[in-house]
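This report concerns only the one structure given below.
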Amino acid sequence: MRRNRCSVLVVTWVLLFGIASRTAKAEVITLTADTFSDKIKEKDTAWFVKFCVPWCKHCKNLGSLWEDLGKEMEGEDEIEIGEVDCATNKPVCSKVDIHSYPTFKVFYDGEEVAKYQGPRNIGSLKTFVLEEAEKAAAKAQLDDEKEL
């Protein structure tokens, strides 16, 4: 009987740990000076990136909004949600012309395609990135067809 209880506890722990590790999956990808350029150049992928600094009250006021957006966008193909800490990655932020925080930009195939300046809620952010990603993909397809 004692062996069965141990087995049940072990199986329960494994199941709980497995579920917890899946739900802890990062929906928002932290981009750094080492990863930013390569990531935003990923073929046929839109990156919606938040640029912030830890001391910014407006960034702090976002709370879990960006993480919530990441979870909301999890099922969307070819759209990634990223973030850059401009305090530790100043060259990245300078390169993409970040002067205020937070700043939200969409990149596609390595190019900046849009800057978000609308309401800060999940619905508006999601609608914006879906529309911008679709426009960027259509433009990229037209550009590819012109090259043929």
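Taking the criterion of being β-branched (V, I, T) and either on the phi > 0 side of the Ramachandran plot or surrounded by 19 or more Cβ atoms within 10 Å (Cβ to Cβ) (or both), the residues of the range 23-44 that qualify are V28, I40. If you go through the range 116-125 one residue at a time, do you hit one that is of a type in the set (G, A, S) and in contact with a Gly (Cβ under 8 Å, 6 or more places away or on another chain)? Yes, the range 116-125 contains a residue that is of a type in the set (G, A, S) and in contact with a Gly (Cβ under 8 Å, 6 or more places away or on another chain). The single residue among E80, E76, E67 that is open to solvent by 10 Å² or more (accessible area, probe 1.4 Å), farther than 15 Å from T103 by Cβ and at pLDDT below 95 turns out to be E76. Residue count for the range 97-122 satisfying the condition of being in contact with a Leu (Cβ under 9 Å, 6 or more places away or on another chain), surrounded by 18 or more Cβ atoms within 10 Å (Cβ to Cβ) and of a type in the set (A, V, I, L, M, F, W, C): 1.
Put simply, of F128, F104 the only residue that is out of contact with any helix residue (DSSP H, G or I) (no Cβ under 6 Å at 6 or more places or on another chain) and within 22 Å of D34 (Cα to Cα) is F104.
With respect to the conditions (1) under 13 Å from Y101 (Cβ atoms); (2) of a type in the set (A, V, I, L, M); (3) open to solvent by 20 Å² or more (accessible area, probe 1.4 Å), V49 falls short on a single one, namely (3). The set of residues in the range 75-128 being assigned to a strand (DSSP E or B) and over 13 Å from I40 (Cα atoms) consists of D85, T103, F104, A114, K115, Y116.
The residues on offer are L142, L130, L125, and the sole one that is surrounded by fewer than 18 Cβ atoms within 10 Å (Cβ to Cβ) and touching a residue at least 40 places away in the same chain (Cβ under 8 Å) is L130.
The values are calculated or read from the model by the stated rules, or taken from the named source; none is laboratory data. Bear in mind that the values here come from a model prediction, so they are computed numbers and not experimental data. Every residue, glycine among them, receives a Cβ derived from its backbone with ideal geometry; neighbour counts consider all protein chains shown. Each accessible area value is taken on the protein alone, full model and side chains, heavy atoms only, with ligands, DNA and RNA left out. Shrake-Rupley method; radii C 1.70, N 1.55, O 1.52, S 1.80 Å.
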